[in-house]
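Working notes for the structure below.
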Amino acid sequence: MSELTNLRGLGALVGAAFGAGLGLVLALVVVFVTPAFGIRWPVPPAAVLLGAAGLPIALTAFAGALFGPALPGVLRRMSVALATDPAVLDAASTDTTRPFALHISRGFTAIYLVSGSVMTAFAVVLIVVVAPSTGPETTLVGWAGLLFFGAITVMCLVQFIWRTRFGLTLDGKGFTVTMNLGRRRYRWVDVERFFPYRRVAFQPVVAFKYRGKAEVHGLQYTRGIFGTFDGTLPQNLSIRGLALLELMEHWRSRNVSTPDSAS
């Protein structure tokens, strides 16, 4: 069996899996919309449900088989978006006395932007389509999802467009986090430790315990629930995860040991 055939088969399988999820959503929409709007289908309701659930599977499986050969390229681009930029990492590690700025990664931020847009659209469907026939509980859930995921989507869009306005700046005395509606600054000598903090994210978030009080300007979220951390670093920088953790420890060890860092 040729590689092209394998890729088409894999594409069809992935497409069918995606279509199954889409078909389930469409079937639920049909179930709730039909009585809410008094729709009279020209075919039996069972046939409508079968079509709503099965047609997306057939279409997405066909599309997956058609575009299957392009999957390796798509996966490579996603891998590049998720990976740390080695050139930026080398530049950041070379000189720990001069200020160095890490900006937002557009490729990585785009993943969150797309995910937030999908969840926002789903919340709109709950409010407009499902809620009228199910009651106020669904409306409440829909509005909560719209406000939460809508805010995330807007923030990701702003970061995607103006990437150089946000990020992390390192210097000999400390580091400054500039995100969303403000900034906060910390001193190396007051950082107790950096550590990975895992939550719903593609890579672990770099968190830290801080002995002093951060200089906060604007609105900034700093502390974790139950005192798990005193601050976190942005997770959509050009350097992320464990690589960012090692970089921060490298800067801290270099600058805490210098005499003027304690001043």
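The values are calculated or read from the model by the stated rules, or taken from the named source; none is laboratory data. Please read all numbers here as calculations on a predicted model, not as lab measurements. Here the Cβ positions follow ideal geometry from the backbone for every residue, glycine too, while neighbour counts run over all protein chains shown.
What helices (runs of 4 or more DSSP H) lie completely within segment 16-113 and have 3 or more residues being modelled with pLDDT of 75 or more and not hydrophobic (A, V, I, L, M, F, W, C)? Give the derivation first.
Values: elements: 45-67, 71-82, 86-94.
By residue number, 45-67.
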Out of Arg240, Arg223, Arg199, sole residue that is surrounded by fewer than 15 Cβ atoms within 10 Å (Cβ to Cβ), within 28 Å of Arg106 (Cβ to Cβ), at pLDDT below 85 and not assigned by TED's automatic domain parsing to the domain that holds Ile152: Arg199
